[in-house]
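Below is one structure; the comments refer to it alone.
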Amino acid sequence: MTKLLLRALAGETLPVPPIWMMRQAGRYLPEYRATRAEAGDFLSLCYNPELAAEVTLQPIRRYGFDAAILFADILLVPQALGADLWFVTGEGPRLSTITSAADFDALKPAGAIHETLAPIYETVRILSRELPAETALIGFAGAPWTVATYMIAGRGTPDQGPAHALKAENRALFEALIDRITEATIDYLSKQVEAGAEVVKIFDSWAGSLEGEDFDRYALEPAKRIISELKARHPGLPVIAFPREAGERYIGFAKATGADCVALDNSVSPEWAAEHVQVDGCVQGNLDPKHMVTGGQALVDATRRVVEAFRGGPHIFNLGHGITPDADPENVQLMIDTVRRV
Ligand code: 1CP
C-alpha cells in the first residue's frame, strides 16, 4: 500500500502527512470557473461525468494533492429521492421542503436513487482510470442529519431551526426521514466504492447543533449504521467522518462509529485534538480556511502549528472547512510547501 492517504488511514504515523483540501475543486480556481461556465451551471457540471472528472483533476494537476475528492454535492441525494433542487446564483441551494407526512410519502424509496445518480458513478469510474497512481480517490455523501436540515428547510439555515422544530413536533416523521436518508446514503456510497472510490467521507456539517441525546441519536447512530453496513459490504474500506463543530463530542467519535479517521474543524485546537482525539487513531485537519485568503507569515506559522501538534500520530493535513471562493491559489501552494518542508 503505497498511497500516503491510505497509509495514514491505516494508522501509520508518517514523516510528512498526506494533504488534500475540502472544496479543493472550486471557485477560487480560474480553471474551475472556466469549466463550470462550459457546463452552464453547477448541477449540469455535477451530472456531466467528463466535466466533473475534469474539475476533480484540476487541483491534482496544479498542486499534486495526495487525494482527489469526487466532484458532486451532498444535495444530489435529496434530488435522487425526488426533491426538487436548484441553485440561486449568489445565494445557494433551494429544495422543495419536507414538513408533512404527505411530503415524505412522495419521496422515492432509497433503492430508486441510482437512476438519477448513475452519472456520478461514471465520474468515479473515469477518475479511477485517470488519477495518478499515488493519488487516492475519496467518495462522499452528506450525513443524514445535515442532509435532513436542507430537505426540511429547503435551504441552508444558520441554526437549522426548521429541522429542530420538526424533530420536536413530529419525531416519528423526522426519524422516518433520517432513516430514508441513511438507507440512500449506504446505497450511494456503496456504488461509489464499486465504481472505484478508495475511501469515503461522511460530511455532517451541522452536527454541532445537535445536543446531548440528539447528538447520539442523529449524528453518532446514523454514522455508525452507515459505516458498519459499508464495511460489511466492502471489507477494509476506510471511512472518514466529519461531525463538524462537535467540540467535546469529537472524543470517542471514531471508536463509537467505527470511523477510521475523524475530520476536525478549526474551532478545536490541534494540541487539544492530538491529546483527546488522535489518541484513538487518524485525524484530519484543521487549518483555518481564512489563511487561504490572508496568506503570509501567519499562514506559515499556523500550518506549522497543525503539523507539529499532530506529528506524533496518524494525520491527514486539511483545512477545518472548505476553502472559500475569495482564496488566493498562491496561498494554497505556500501551505503545501510549508507542510512538506517542516
Ligand atoms: O457555484 C458553485 O460552483 C457551487 C459551489 C459548490 C461547490 C464547488 C457547491 C454548492 N457544492 C460544491 C461541491 C462540493 N460540495 C463538494 C465537491 C468536492 C470538493 O470538496 O472539492 C463537496 C464535498 C461538497 C459538500 C457539501 N455541499 C457540503 C458539506 C461540506 C461543507 O461545506 O460543510 C454541504 C453543506 C453542501 C451544500 C452546498 N452545496 C453548495 C453550497 C454553496 C452548499 C452550502 C449551502 C448552505 O449551507 O447555504
Overall Cα dimensions of the chain - principal axes, largest extent first, Å:
57, 46, 38
Applying the Karplus parametrisation 6.51 cos²θ - 1.76 cosθ + 1.60 with θ = phi - 60° to the phi angles of region 166-174, what ³J(HN,Hα) value in whole Hz is obtained for each residue in order, glycine and proline being reported as x?
5, 4, 6, 8, 8, 5, 5, 5, 4
Sort out for me the Cα centre separation of region 264-334 from region 182-243, rounded to whole Å.
23
At a 4.7 angstrom Cβ threshold, list every cysteine in the chain that has nobody to pair with, or say none.
46
Lys and Arg at +1, Asp and Glu at -1: add these up for the other residues within a Cβ distance under 15 Å of residue 86 and post the number.
-2
Can you list residues from other chains, or at least 5 along the same chain, whose modelled amide H is less than 5 Å from the amide H of residue 261?
239, 241
Greater than 29 Å apart at Cα, pairs in 3/231; 231/290; 108/231
231/290
Ellipsoid semi-axes in whole angstrom, largest first, where each is sqrt(5λ) of the Cα gyration tensor of region 184-342
28, 18, 15
Under a 10 Å cutoff between Cα atoms, tell me which one of 272, 20, 86 has the largest fluctuation in the Gaussian network model of the chain.
272
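Going highest first, how would you order 96-106, 138-148, 51-61 by mean Cβ packing within 10 Å?
Output ranking for 96-106, 138-148, 51-61: 138-148, 51-61, 96-106.
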If the reach is capped at under 23 angstrom between alpha carbons, list the lysines near residue 224, excluding any in the same chain fewer than eight residues apart.
167, 191, 201, 255
Quick one, can you get me the convex hull of the C-alpha atoms of region 148-222 expressed as volume per residue in Å³?
98
Give or take rounding to whole Å, what are the principal axis extents of the alpha carbon atoms in region 198-240, in descending order?
32, 16, 8
Explain nothing, just compute: Karplus ³J(HN,Hα) = 6.51 cos²θ - 1.76 cosθ + 1.60, θ = phi - 60°, for every residue of region 71-87 in order, whole Hz, x for Gly and Pro.
8, 6, 8, 5, 8, 6, 5, x, 4, 5, 7, x, 6, 6, 9, 8, 10
Quick one: which residues, 5+ away or cross-chain, put their amide H under 5 Å from the amide H of residue 155? H built at 1.01 Å from N.
95
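Every number in this text was worked out from the coordinates using simple rules, so none of it is lab data. This one's a predicted model, so the numbers in the text were calculated from it and none came from an experiment. Cβ atoms come from the backbone with ideal geometry, glycine included; neighbour counts cover every protein chain shown.
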